[in-house]
Structure formats: structure tokens, C-alpha cells
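Report on the following structure.
The values are calculated or read from the model by the stated rules, or taken from the named source; none is laboratory data. Everything numeric here is computed off the predicted structure, so don't read it as measured data. Backbone-built Cβ (ideal geometry, glycine too); neighbour counts: all protein chains shown. Ligands, DNA and RNA are stripped out before the accessible areas are found, and what is left, the full protein with its side chains, is counted by its heavy atoms. Shrake-Rupley method; radii C 1.70, N 1.55, O 1.52, S 1.80 Å.
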Amino acid sequence: MAATPEADWVSRFADEVIAEAERRAPGKPIVCASGLSPSGPIHLGNLREVMTPHLVADEIRRRGHEVVHIISWDDYDRFRKVPAGIDESWAEHIGKPLTSVPAPAGSAYPNWAEHFKASMTESLAQLGVAHRGISQTQMYTSGAYQEQILLAMRERAKIDAVLDRYRTKGRTGAGAPQQGKLDEDEAAAAQEAAEGSGAAAEDDGTGATGYFPYKPYCSVCERDLTTVVAYDDDSTELTYTCQCGHTETVLLSEHRRGKLVWKVDWPMRWAYEGVVFEPSGVDHSSPGSSFQVGGQIVGEVFGAQQPIGPMYAFVGISGMAKMSSSKGGVPTPADALQIMEPPLLRWLYARRRPNQAFKVAFDQEIQRLYDEWDTLGRKVAEGTANAADTAAYSRAVGTAAGLLPVTPHPLPYRTLASIVDITTGDPEQTLRILRDLDPADPVASLDETRPRLDRAQHWITTQVPAEQRTRVLPEPDAALLAKLDDDQRESLRLLLAGLDGHWSLEGLTTLVYGVPKTRLGLPMDVKPTPELKVAQREFFALLYHLLVGRDTGPRLPTLLLAVGPDQVRALLTP
Ligand SMILES: [Zn+2]
């Protein structure tokens, strides 16, 4: 299934990137890039950093071009703070490279960075994101950037002058692009995303001893509490002091324990990798920010060009505040993939332009989202969806490498959620109800409703607060049943009499809406009148009270199927 060219934002960026790549480096593979910092759990908000270039690279690949999506792991960045939930003793590692910090207790991974990379890498595999991961620790410690480091040091006065053009304008933030008012959820996510990004408030290399864009990690304490105090361009002899008391003179041409400051590091990598497309978040795009400054440094120092780099809006999470997360903080892509299938998550990113904000739903909204997704799937199959919607759908369900796994028998998410809510996941009971849903297309085994069934079950058990869960009454509400008037008794009698002949989702829908029509002497195919709507609302409220002891609950046909005919009779017979 090929996406329609020109149909959506992904196609338009692909056009632009292909044209630019042919101009810059004809015949070479096209490079799209993302950067992630494994300084802690990688938040769902940062997934846009990956999905934007992924979708563009995938479109380029679908068109038959050679393309690589690189993900730079900023694992040689300093450990900046001990996150919530981690033992305070980790504070002694602040200032060390993330790959030199021990992994959290109980981890199977050799260090902090590897621990947090692993979960993200697993999520990217599930999402079908083909990429080449590049460890910055590996690059710096192997000496891959040696020439670039020596060049940056030689050109330090020029870099200092570029940075100085912005220093007088004050710190970043003043005049930064804003994307409207952020609500509480969005602000929290934006804060978390900014903390996780490489730009985070790093010094730009300015010191009392002059400007040096290279920052050594101390060879004794491993931390970056160092100051370069002397450097000789000819010999490359570099002397640094450390707050731990250590002073050392090294040959920079052979030194492997240090890195360029962020605002020089990023443009250096654009040049090194030949990046043509790399988007960035609003925190990187303000005046004087790393993207803007980098655009000048990459040309004036490294003789290359800035990538095409659209700014992307933050992605919020709805229902995040209520999340019962043991880890604290906002959810990760892995958390999202436990409550929704990969194509749905891909679709959220594919259908919105990067500068459009949106939210990933962890609350009740996920049910509506899944309904919308299923409706789109039907329209695409029928050929009635518009070009942009069809393109977004095709980007969601697969990549250039093929289709992602799907649920063979996809039942509505909200129906599955209601059923596992009531059965609390009991497999036998769940299968009985699923079989009854549609006798014309019966479910033969739970497996054919997976993984969607498992996602709905995980959502119900982890995201829906106890007071919103459905509890079927164990005994009839005798007091309420005794108070029923004749009309209510007759309505219940009609319902119970019709159960056997209507035992399917569709049949019970007809029945529960039909009982009030019969009581009002209206034909079954009548258009809803205000009087009928009132009668239906009252009848439904009565049923909810008698079945689950509340005003509302899951859709009644689903609820009746889930409760089962015997228990329905027991609870509804006066
Ligand atoms: Zn030291």
C-alpha cells in the first residue's frame, strides 16, 4: 500500500529532503536524524523526536531511495541529577558520562544509559522504526571525532564570536516561540521533555580562562567539573584543572575522555553524518538556541549545511495526572504500547503536522480514539477516505518493510474494555461473552482478539480508577425492585421476554432501545422524538441501577451480554 505523493505533510517533507539531498550529496544515502538522551526514562513526549524523521525517512524509502535514519544516543552527556525514585547515593555520580553511572538497582544492564536505552529500543522495534543507533560514548572514546575536535579548538575564537552574537540578547527563553497556553498536563510533559533533551542548560564553553569548546572528563574523578586553563594549537597540549583537585596536561590529539559542548557538538555531528533532515523541539528553536547557533557554526566552522529542521510541538498526555505510575513522572512509549497497538500510536504522529500539538490519551478518550481509528480503517477499505487520511492510515499500519502485526479479529476497544472490566479478565467468561457478540461472525478463541484484548485489559486495570470500574450487583436490589411502578415492571417484563431472541450485541441494542418504543405504542423504525428519548433515558438509568447500582455504566447491550442471561433475570425480576 503506497502512500499518495503530495497527500500529506510527510510527502511534502520527503519531496523537500530528496531535492536537498540531491543538491548536497548526489548519489549518497539520504540521512535523517534524531537525538535522544538516555538520562532517565525516555518520555512519550520525546517520541516525536523519533517519529517525525522516521515517517519522512520511511516515505523516502517507499519511493525507492537509499535512506538511513540515525538515532544519536547522547549517552556521553553528563549525569545531571538523580531522578525521583532513585537512591540519593547516585548523587556522587553527577557530572560523569551517563555510560559511567551504575544502572539503577536490579537492572540487567551494565550502566545507566544502557538501562534506559533498552526500553526505548524495544518500543522502537514494536513501532517498526528502522534506525541505526549511534552511541556518542563510542564515537568520542574511539576518537572518531578527533579531527573535528581539533578543528573546533583551532576555530574557538570564531565559535566564541558566533555565540557572542546571542549572549548579549540574554538567555534563551526571551522571545522563544510559544505554542499557546499549555494546560497542566502539557506543561508537565514539556518540562519532562526539555529535561530529557541534550540542550539542557549546558554551559557553552565560556570560562574565566578563555573560551574552549572542549570539556574533558577528569581522569581521576571521571566528572566534568573541569576547566581548560591552557591550550597550544601546534602541540595540541591541553591543561585542565578539576574541582576534585586534579590538574593534568594531555595531548588533545590523543585524548579520548571529553566532548564538545552541546552547541558545538550538534552542528559537528550534522557535518560528520551529512544530516539532511533533523527536526527539533521548541526548546531548541528559540533565538540563540542550539539549532539557530548551530546553523551558523556548521557553516562557519565545519563547512557544511544545517539540516532541514522543522520545529515540532510538544506532545501532551491526557489522563497523565491520574496515572498510577510506580515510576513517577510521565509515561514512556512502552507504557503507551501496553494500552494501545503500535499502528494506533503511529497514527497519532502521522496524522498531525509536526507543529500541531496533540495528546496521547491514557484516559477515557482512548476509547473514542480507537472508534475513530476503526472507522477510518473501514473507510480506507471501502475507498471512501480522503487522500490525506488514507496516507496517514497507510503510514500507521506499516512501513516500507511491510505491514505491522495486527489483531486478526479486531473488536471495538470500548467493547473489549467493558467486558474485561466486568469479567476482571477471567478467560472463560470473556470468551463466552465474545462468542455471543456477533453470532454471524463468532469469536473462536481469545487469541484472535489479541493483542487488542490485552491492551484493553491493561488499560482497564492500570488507568481506570477504582470508582469508575463496573461492579455487577451480586444480589438483586430488593428495595428498588419493590418500589417499581407498573410501567417500569412492564418494561422489565418486555426486556426479559425478548432476551433469548435477541442475545447478540446487535439484537440487544434493538431490544433495549425498542422496549420504550413498544411502551409508547411507536413502531420499531420510528425516528427518535423528545418524548421517546426521555423514556429511553429513564429506562436505561433503571437498568443501570438494577445491574450495577449506579446511574451509568458500559453500553447496555455489552453490559447485558457480559452479565449473562441468568444473572440478568435474577437482577431484573421484581
Ligand atoms: Zn576530578
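Is the shape of the stretch 268-396 best called rounded, prolate or oblate, per the rule: a/c under 1.5 gives rounded, else a/b larger than b/c gives prolate, else oblate, with a ≥ b ≥ c the square roots of the Cα gyration tensor eigenvalues?
oblate
How many Å² of accessible area per residue for the stretch 40-115, probe 1.4 Å?
36
Which aspartates and glutamates, if any, have their Cα less than 14 Å from the Cα of Lys517, not counting same-chain residues under 8 positions apart?
Asp487, Glu490, Asp525, Glu531, Glu538
Computing the accessible area with a 1.4 Å probe over protein heavy atoms, can you report the carbon and sulfur percentage for the chain?
Ligands and nucleic acids excluded, carbon and sulfur give 51 percent.
For an R0 of 41 angstrom, estimate the FRET efficiency from the Cβ-Cβ distance between Ala482 and Asp525 and round to the nearest 0.05.
With R0 = 41 Å, the Cβ-Cβ based efficiency is 0.70.
Quick one: if you stick a label point 7 Å off each Cα along the C-beta vector at Lys379 and Ala208, how many nm between them?
6.5
May I ask you to evaluate 6.51 cos²θ - 1.76 cosθ + 1.60, the Karplus curve with θ = phi - 60°, for each residue of the stretch 99-106 and list the ³J(HN,Hα) values in order in whole Hz, giving x for glycine and proline?
With the stated coefficients, the stretch 99-106 comes to 7, 9, 9, x, 5, x, 3, x Hz.
Using amide H atoms built 1.01 Å from N in the peptide plane, name the residues 5+ places from Thr399, or on other chains, whose amide H lies under 5 Å from its own.
For Thr399, the qualifying residues are Leu404.
Report, in listed order, any pair from Lys117/Lys158; Lys359/Lys527; Lys158/Lys359; Lys28/Lys263; Lys117/Lys379; Lys28/Lys379 with a Cα-Cα distance greater than 32 Å.
Long pairs (Cα-Cα over 32 Å): Lys117/Lys158; Lys359/Lys527; Lys158/Lys359; Lys117/Lys379; Lys28/Lys379.
Out of the DSSP beta bridges found with both residues in the chain, what percent are antiparallel (nearest 5)?
50
Under 1.5 on a/c is rounded, so check that first for the stretch 436-515, then, if it is not, pick prolate when a/b is larger than b/c and oblate when it is not; a ≥ b ≥ c are the square roots of the alpha carbon gyration tensor eigenvalues.
In terms of gyration-tensor shape, oblate.
From the convex hull of the Cα coordinates of the stretch 8-123, what is the mean projected area in square nanometres?
Mean orientational projected area (the stretch 8-123, Cα hull): 8.8 nm².
Which FRET efficiency value, to the nearest 0.05, do you get for Thr249 and Arg63 by plugging their Cβ-Cβ distance into 1/(1 + (r/R0)^6) with R0 = 60 Å?
Efficiency computed from Cβ-Cβ geometry: 0.65.
Please give the contour-minus-distance gain from Glu16 to Leu542: 0.36 nm per residue of separation, less the Cα-Cα distance, rounded to one decimal in nm.
Residue separation times 0.36 nm, minus the Cα-Cα distance, leaves 183.4 nm.
Whose amide H sits under 5 Å from the amide H of Val68, counting only residues 5 or more places off or on another chain, with H placed in the peptide plane?
Amide H neighbours of Val68, under 5 Å, 5+ apart: Ile30, Val31, Cys32.
How about Lys81: which aspartates and glutamates have a C-alpha closer than 18 Å to its C-alpha, ignoring those fewer than 8 places off in the same chain?
Here the aspartates and glutamates satisfying the reach criterion relative to Lys81 are Glu92, Glu114, Glu192, Glu195, Glu202, Asp203, Glu222, Asp224.
Restricting attention to the stretch 9-108, which GluC sites (Glu not before Pro) occupy a DSSP loop and are surrounded by at most 14 other Cβ atoms within 10 Å?
Here the sparse-neighbourhood loop sites are Glu66.
Wrap a convex hull around the Cα atoms of the stretch 6-54, take a quarter of its surface area, and give that in square nanometres.
Its Cα hull, projected and averaged over all orientations, spans 4.4 nm².
Quick query: amide H of Gly35 versus all other amide H atoms, modeled in the peptide plane; which residues come in under 5 Å with a sequence gap of 5 or more or a different chain?
Under 5 Å from the amide H of Gly35: Ser72.
Using alpha-carbon pairs under 8 Å, 6+ residues apart, how would you state the relative contact order of the stretch 1-147 in percent?
Averaging sequence separation for qualifying contacts and normalising by length gives 24 percent for the stretch 1-147.
Sorted from largest to smallest, which semi-axis lengths in Å does the alpha carbon gyration tensor of the stretch 323-395 give for its equivalent ellipsoid, taking the root of 5 times each eigenvalue?
That gives 26, 13, 10 Å for the three semi-axes.
log₁₀ I(q)/I(0) of the stretch 201-308 at q = 0.21 Å⁻¹, via Debye over equal Cα point scatterers, no solvent, to two decimals?
Here log10 of I(q) over I(0) equals -1.10.
So if I restrict to the alpha-carbon atoms in the stretch 230-281, what is the Rg, and what is Dmax, the biggest pairwise distance, in Å?
Rg, Dmax (Cα atoms, Å): 15.1, 43.
Between Lys81 and Thr461, what is the label-point separation in nm under the 7 Å Cα-to-beta-carbon projection?
Going by the 7 Å Cα→Cβ label model, 3.4 nm.
Could you run the Karplus curve 6.51 cos²θ - 1.76 cosθ + 1.60 with θ = phi - 60° over the stretch 447-464 and give me ³J(HN,Hα) per residue in whole Hz, x for Gly and Pro?
4, 6, 9, 9, x, 4, 4, 5, 5, 5, 5, 5, 4, 4, 7, 9, 10, 9
Whole-Hz ³J(HN,Hα) for each residue in the stretch 289-298, computed from phi via Karplus 6.51 cos²θ - 1.76 cosθ + 1.60 with θ = phi - 60°, x for glycine and proline: what do you get?
Listing the rounded values in order: 7, 4, 5, 5, 4, x, x, 7, 5, 4 Hz.
Please give the per residue accessible area of the stretch 270-408, computed with a probe of 1.4 Å over protein heavy atoms only, in Å².
36
At a Förster distance of 22 Å, what's the computed FRET efficiency of Arg257 paired with Ala334, Cβ-Cβ distance as r, to 0.05?
Rounded to the nearest 0.05, the efficiency is 0.10.
How about the stretch 375-441: which trypsin sites (Lys or Arg not before Pro) there lie in a loop by DSSP and see at most 15 other Cβ atoms within 10 Å?
Taking the stretch 375-441 and a limit of 15 other Cβ atoms within 10 Å, no loop trypsin sites (Lys or Arg not before Pro) are found.
Taking only protein heavy atoms and a 1.4 Å probe, what accessible area per residue, in Å², does the stretch 467-564 have with all protein chains in place?
That works out to 54 Å² per residue.
Just check the chain against the gyration tensor rule for me: Cα atoms, a ≥ b ≥ c as the square roots of the eigenvalues, rounded for a/c under 1.5, and otherwise prolate or oblate depending on whether a/b exceeds b/c.
The shape class here is prolate.
How large is the charge dipole for the stretch 1-158, taken about the Cα centre, if only the Cβ atoms of Lys, Arg (+1) and Asp, Glu (-1) carry charge, to the nearest 20 debye?
380
Considering Cα pairs under 8 angstrom that are at least six residues apart, work out the relative contact order of the chain and quote it in whole percent.
The normalised contact order for the chain reaches 13 percent.
Report, to the nearest 10°, how far helix 413-423 tilts away from the longest principal axis of the Cα atoms in the chain, using its own Cα long axis and a range of 0 to 90°.
Tilt of helix 413-423: around 70 degrees.
State, as an integer percentage, the relative contact order of the stretch 200-270 based on alpha-carbon contacts under 8 Å between residues 6 or more apart.
Relative contact order for the stretch 200-270 comes out at 29 percent.
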